[in-house]
Amino acid sequence: MGEPSDKRPKIDVDECTGCGLCVDVCDKEALDLVDDICTVIKADACEGCGDCAEECPTEAITME
């Protein structure tokens, strides 16, 4: 698991396929699928670990 940081996930909606792997790996429940697109739903819960970005098979998530 990644270490907490000040970075937060940024989702490229054109690259997201809605597979949900990022949602499954986020133990803080900061992400969810909205209209089949990964969305940060609890920004304050996100610790910036980057696990979601690492899990994304299309590299639609970057940490910024």
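Taken together, the values in this text are just the output of simple stated rules run on the coordinates, not laboratory data. Please read these numbers as outputs of a predicted model, since none were measured by experiment. Reconstructed Cβ throughout: ideal geometry from the backbone, glycine too, with neighbour counts over all protein chains shown.
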Practice task
Normalising by the residue count of the chain, find the relative contact order in percent from Cα pairs under 8 Å and 6+ residues apart.
Solution key: 46 percent
Fill in the blank from the handout: Taking max minus min of the Cα coordinates of the chain on each principal axis, largest first, gives extents in Å of 26, 19, 17
Fill in the blank from the handout: With GLU64 itself left out, Lys, Arg at +1 and Asp, Glu at -1 over residues whose Cβ is under 13 Å from its Cβ give +1
Practice task
Give me the distance in nm between label points sitting 7 Å out from Cα along the Cα-to-Cβ direction at ASP27 and ASP14, one decimal.
Solution key: 3.5 nm
Fill in the blank from the handout: Free-by-geometry Cys in the chain, Cβ-Cβ under 4.7 Å as pairing rule, reported as CYS16, CYS19, CYS26, CYS38, CYS46, CYS49, CYS56
Handout entry: Per-residue [θ]222 nm for the chain (sum of -39500 (n - 2.57) over DSSP H runs n ≥ 4, rounded to 500)
Key = -3000 deg cm²/dmol
